[in-house]
Every structure is written in structure tokens, then in C-alpha cells.
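Colleague: This structure is in C-alpha cells; I'll ask about it shortly.
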Amino acid sequence: MSQRPIIALDFPNRQAIETFFSHFPKEESLFVKVGMEIFYQEGPSIVAWLKEQGHDVFLDLKLHDIPNTVERAMTRLADLGVSLTNVHAAGGVEMMAAGLAGLQKGTPRGEKVPNLIAVTQLTSTSEAQMHRDQQILTSLQASVLHYAKCAQTAGLQGVVCSAHEAEMIKAQTSETFIRLTPGIRPAGSAVGDQKRVMTPQNARQAGATMIVVGRPITQAASPYERYLAIKEAWEEQ
Ligand code: C5P
């Protein structure tokens, strides 16, 4: 069964999310992404509230610190009942493995340990920027692939990547290694600040296993209709 498209809840506060949810049938269970903006505004209670509404949560906080700090932070986050969370691969194999250990340690007995994935190169980073700012002198693709292999070595379940890199990562890691891709735009919708976009159908064909969609749904005149259309396109074989 394919995963539902993940809706990025890029809203300033819970009130705005409630207004957004009023467009959806109450019984519709969604997979939503909680990012830094809403988490820093509302705190961990926002996750508990979303779970109470019957939704699954991807907690997108992109941890990147020394291994001990990441492990301890993940031990705390493991208690929230999220399905998926992430770290930056640039923190290194040791840091990623520490994050995983923290999640395992903090997950209440009998509950499922959240999947942990790594951000490779941000989709906002160009190859020229990577050369200049990070002094990584390979191609962007080679860097993304290297980070994906590091994430696999650390025992993580997958990566966040551009749909343009998903097939390569699948070929060099495994079929089941998660390739979660943002930058999804249904045909004909506004691109916004995303540079390399793909339609849901193309993302699947390109090897993505999960998609994150924000503005095409959150800014739509009819968010539920738009969500269903994207879900259908994504599930189309
Ligand atoms: O509105 P849009 O569909 O562009 O939203 C994409 C979401 O995915 C945003 O929450 C953005 O922060 C996130 N994201 C991204 N590129 C990454 C990682 C996360 O666009 N590499």
C-alpha cells in the first residue's frame, strides 16, 4: 500500500491549522508534517493534538549537533508518538546512529520506534553553492548519494532527497530505503520558490516512496479536493 501524500503544515499557529482542517471531513486520517515554525510556536503539545485528531505525524526538525546532544534530544522526541522524524546527514554517521539509539531508547515499551531519515543536500542548495559554501567539490548528485549511503550505514530507514535523485539512491541502497521528496507540484500549479519540481506521478516513476506537499494543498481554494487529486495522481501506477 502506498503512503498518503504528507501535507506540510507550514502555518504560524494551531488556530491556522484548525481553520485549514475545517476543509476536511473529520474522519479523514491525514499524514502531516510538523516543521520548525509550528513546533517552535506551539511546542510538543501540537503533536499530541494532531494525534488526538487521528493524524500521523512526520516531525521535520532536521537535528544536527554533537552525537550526545542528538541522542538525548531524540530520546525526548521518541515519546511524542510520531511516525517519522529526521536529522541532517552532514552531522555524520556517528551522529545519525546516536539519533537512532536515542529514538530506540525513548520509545515507550510496546510502541513502534519512529522511522528516522536523513536530509541529504537541501533542495534549496545548488551545486555552485555547495562548492562555495561547504567546499564539497564533487557533483551535487555524488554528494547526495554519499550522504544516502552514510545514512544507510548508520542504520537509518531512508533519506529526504529531490525526486531527481530518488532512482539513483534506490539503485545504490535498497528498494525499501525511504526516498521522501518535497518540491511536488501538480501539473499547472504555482512553483513558488521551489527550483526543481515534479508532478506526483513523475515523482513515483522517478523512484520516490513518499511525497511532501505544502502550498499546492494549504493555499488551494478547495484544499480537500486538491488533496484527493494529488493522492489519486500519486497512487496511479
Ligand atoms: O509548499 P511546498 O510544497 O514547497 O512545501 C514543501 C515543504 O517541504 C516545506 O515544508 C519545506 O520546508 C519542506 N522541504 C523542502 N525541501 C527540503 C526539505 C524540506 O521543500 N529539502
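The values are calculated or read from the model by the stated rules, or taken from the named source; none is laboratory data. A quick note: this is a predicted structure, and the numbers were derived from the prediction, not measured. A quick note on method: Cβ atoms are made from the backbone with ideal geometry, for glycine too, and the neighbour counts reach across all protein chains shown. The area values use the complete protein model at the heavy-atom level, side chains included, leaving out ligands, DNA and RNA. Shrake-Rupley method; radii C 1.70, N 1.55, O 1.52, S 1.80 Å.
Colleague: Which of the residues that make up the range 148-162 are open to solvent by 30 Å² or more (accessible area, probe 1.4 Å) and touching a residue at least 40 places away in the same chain (Cβ under 8 Å)? If you could, list the steps in order and put the result at the bottom.
Modeller: Taking the range 148-162 first, the residues open to solvent by 30 Å² or more (accessible area, probe 1.4 Å) are 149, 152-153, 155, 157.
Of everything in the range 148-162, those that are open to solvent by 30 Å² or more (accessible area, probe 1.4 Å) and touching a residue at least 40 places away in the same chain (Cβ under 8 Å) turn out to be 153, 155, 157.
Colleague: Of the residues that sit in the range 62-71 and are touching a helix residue (DSSP H, G or I) at 6+ places or on another chain (Cβ under 6 Å) and within 16 Å of the ligand (Cβ to nearest atom), which one is nearest to residue 84 (Cα to Cα)? Walk me through how you get there before you give the answer.
Modeller: First pass over the range 62-71, keeping only residues touching a helix residue (DSSP H, G or I) at 6+ places or on another chain (Cβ under 6 Å): 63-64, 67, 70-71.
Remaining after also requiring within 16 Å of the ligand (Cβ to nearest atom): 63-64.
Details: 63: 13, 64: 16 Å.
Applying the filter and picking the extreme gives 63.
Colleague: Look through the range 179-195, keep the residues that are in contact (Cβ under 8 Å) with a residue 60 or more places away in the chain and open to solvent by less than 20 Å² (accessible area, probe 1.4 Å), and return whichever of them is farthest from the ligand (Cβ to nearest atom).
Modeller: 180
Colleague: Turning to a different aspect of this structure: Please determine, by comparing only the residues of the range 220-231 that are aliphatic (A, V, I, L, M) and open to solvent by 60 Å² or more (accessible area, probe 1.4 Å), which one is farthest from residue 4 (Cα to Cα).
Modeller: As a first pass, look at the range 220-231 and keep what is aliphatic (A, V, I, L, M): 220-221, 228-230.
Checking which are open to solvent by 60 Å² or more (accessible area, probe 1.4 Å) leaves us with 221, 228.
On the way: 221: 21, 228: 10 Å.
Checking each candidate, the answer is 221.
Colleague: To continue, here is another question. Go through the range 12-61 and give me each residue that's among the aromatic types (Phe, Trp, Tyr) and within 16 Å of the ligand (Cβ to nearest atom). Spell out how you get there, then give the answer.
Modeller: We begin by selecting, within the range 12-61, every residue among the aromatic types (Phe, Trp, Tyr); these are 20-21, 24, 31, 39-40, 49, 58.
Once the filter is applied, which keeps residues that are among the aromatic types (Phe, Trp, Tyr) and within 16 Å of the ligand (Cβ to nearest atom), the range 12-61 yields 20, 31, 39, 40, 58.
Colleague: Continuing with the same structure: Taking the stated definitions as given, is residue 195 of a type in the set (D, E, K, R) and under 21 Å from residue 85 (Cα atoms)? It would help to see each step written out before you state the result.
Modeller: On the way: of a type in the set (D, E, K, R): yes; under 21 Å from residue 85 (Cα atoms): no.
It is false that residue 195 is of a type in the set (D, E, K, R) and under 21 Å from residue 85 (Cα atoms).
Colleague: Yes or no: residue 109 without any contact (Cβ under 8 Å) to a residue 24 or more places away in the chain, part of a loop (DSSP other than H, G, I, E, B) and more than 15 Å from the ligand (Cβ to nearest atom)? Walk me through it before giving the result.
Modeller: Details: without any contact (Cβ under 8 Å) to a residue 24 or more places away in the chain: yes; part of a loop (DSSP other than H, G, I, E, B): yes; more than 15 Å from the ligand (Cβ to nearest atom): yes.
Considered against the rule, which asks whether it is without any contact (Cβ under 8 Å) to a residue 24 or more places away in the chain, part of a loop (DSSP other than H, G, I, E, B) and more than 15 Å from the ligand (Cβ to nearest atom), residue 109 comes out as yes.
Colleague: A follow-up question, please. If I filter the range 81-104 for residues that are at positive phi, away from the ligand (no atom under 16 Å from the Cβ) and within 17 Å of the chain's Cα centre (by Cα), do I get at least one hit? Let's see the steps before the verdict.
Modeller: Taking the range 81-104 and keeping what is at positive phi, we get 81, 92.
From what is left, the residues that are away from the ligand (no atom under 16 Å from the Cβ) are 81, 92.
If we keep only those that are within 17 Å of the chain's Cα centre (by Cα) as well, we get 81.
Yes; the residues of the range 81-104 include at least one that is at positive phi, away from the ligand (no atom under 16 Å from the Cβ) and within 17 Å of the chain's Cα centre (by Cα).
Colleague: Sticking with this one: In the range 142-149, is there at least one residue being modelled with pLDDT of 95 or more, of a type outside the set (Ser, Thr, Tyr) and touching a Leu at 6+ places or on another chain (Cβ under 6 Å)?
Modeller: no
Colleague: Inside the range 112-160, can you point out the residues that are of a type in the set (Ser, Thr, Tyr) and either out of contact with any strand residue (DSSP E or B) (no Cβ under 6 Å at 6 or more places or on another chain) or more than 16 Å from the ligand (Cβ to nearest atom) (or both)?
Modeller: Selection gives 123, 124, 125, 126, 138, 139, 143, 147, 153.
Colleague: I'd like to check something: does the range 29-38 contain any residue that is open to solvent by less than 40 Å² (accessible area, probe 1.4 Å), in contact (Cβ under 8 Å) with a residue 24 or more places away in the chain and over 19 Å from the mean Cα position of the chain (by Cα)?
Modeller: No, because not a single residue in the range 29-38 is open to solvent by less than 40 Å² (accessible area, probe 1.4 Å), in contact (Cβ under 8 Å) with a residue 24 or more places away in the chain and over 19 Å from the mean Cα position of the chain (by Cα).
Colleague: Restricting attention to the range 203-219, which residues are open to solvent by 60 Å² or more (accessible area, probe 1.4 Å) and either in contact with a helix residue (DSSP H, G or I) (Cβ under 7 Å, 6 or more places away or on another chain) or within 15 Å of the ligand (Cβ to nearest atom) (or both)? It would help to see each step written out before you state the result.
Modeller: From the range 203-219, those open to solvent by 60 Å² or more (accessible area, probe 1.4 Å) are 205, 215, 219; that's our starting set.
Once the filter is applied, which keeps residues that are open to solvent by 60 Å² or more (accessible area, probe 1.4 Å) and either in contact with a helix residue (DSSP H, G or I) (Cβ under 7 Å, 6 or more places away or on another chain) or within 15 Å of the ligand (Cβ to nearest atom) (or both), the range 203-219 yields 215, 219.
Colleague: While we're here: Within the range 112-127, can you find the residues that are crowded, with 22+ Cβ neighbours inside 10 Å and either assigned to a loop (DSSP other than H, G, I, E, B) or at pLDDT below 95 (or both)? So that I can check it myself, show each step before the final result.
Modeller: Narrowing the range 112-127 to residues crowded, with 22+ Cβ neighbours inside 10 Å: 114, 116-121.
Scanning the range 112-127 gives 114, 120, 121.
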